[in-house]
Amino acid sequence: MTFIVPPLPYDQAALEPHMSARTLSFHHDKHHLAYVNKANELIAGTRYETMEPIDVVRGAKAEGNQKLFNQAGQAWNHSFLWNSLSPNGGGAPTGELAAALERDLGGVEKFGEAFTAESVGHFASGWAWLVADKGALKVISTHDADTAIAHEGLTPLLVLDLWEHAYYLDYQNARPAFVGTYLKSLINWDFAAQNFAAAA
Ligand code: FE2
């Protein structure tokens, strides 16, 4: 199987009260699994079957296979999402990532403002990202299953799921509250720092 649902890197209740075990149970065990199963069905018996997930996503985009791109993109994005959250999240980055954040986005507070504006202003479903664009940090959002890895030159550092299934059980339709909690208590700066170092 090319696509898998990795185990959560923390206990299902570890993000409470910010994100409930019930949300993670639906989101990880049901939504993510459905994308993974559909992506695997679509690649069965095709040249994609032996490829890495990232290459399936990029290949589907290159050939305009939207049906596969949607399932593969969602499968990849969710695996990246679980690591973008942490029971010890929030706060601010340190080291080189902190310096780059200051240089490119004006520091962690300004980053938070930009990330909130991008997430709250994003119409309908999608994803909010902190990316390195050839070394420069940027906040962007993508629609539906679209993903930073399908855009030339972008290295994703962090992602937040803006689909309602990510927050409806805990926050109903209050996306601003969900985004605020992410920045204050869940954002995994260590994961971002690892991705930033690997991209350098
Ligand atoms: Fe999701």
Spot the failing condition for A39; the list is (1) surrounded by 20 or more Cβ atoms within 10 Å (Cβ to Cβ); (2) in contact (Cβ under 8 Å) with a residue 40 or more places away in the chain; (3) among the hydrophobic types (A, V, I, L, M, F, W, C), and only one is missed. (2)
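Given the structure, is V36 under 18 Å from the mean Cα position of the chain (by Cα), of a type outside the set (S, T, Y), within 22 Å of H151 (Cα to Cα) and not assigned by TED's automatic domain parsing to the domain that holds S185? Step through it out loud before you land on a result.
Numbers: under 18 Å from the mean Cα position of the chain (by Cα): yes; of a type outside the set (S, T, Y): yes; within 22 Å of H151 (Cα to Cα): yes; not assigned by TED's automatic domain parsing to the domain that holds S185: yes.
Yes, satisfied.
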Quick one: in the range 59-105, which of the residues that are at positive phi and assigned to a loop (DSSP other than H, G, I, E, B) is nearest to the chain's Cα centre (by Cα)? G90
Quick check on L33: is it within 15 Å of S79 (Cα to Cα), in a helix (DSSP H, G or I) and of a type outside the set (V, I, T)? yes
Does the range 153-200 hold any residues that are hydrophobic (A, V, I, L, M, F, W, C), away from the ligand (no atom under 16 Å from the Cβ) and either crowded, with 16+ Cβ neighbours inside 10 Å or under 14 Å from the mean Cα position of the chain (by Cα) (or both), and which are they? L154, L157, L183, I187, W189, F191, A192, A193, F196
Is it fair to say P17 is surrounded by fewer than 14 Cβ atoms within 10 Å (Cβ to Cβ), assigned to a loop (DSSP other than H, G, I, E, B) and within 16 Å of the ligand (Cβ to nearest atom)? no
Scanning the range 138-159 for residues that are within 18 Å of N83 (Cβ to Cβ) and part of a strand (DSSP E or B) gives T142, L154, T155, P156, L157, L158, V159
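The values are calculated or read from the model by the stated rules, or taken from the named source; none is laboratory data. Treat the numbers as computed from the prediction; the structure is a model and nothing was measured. Please note: Cβ atoms are built from the backbone with ideal geometry, for glycine as well, and neighbour counts cover all protein chains shown.
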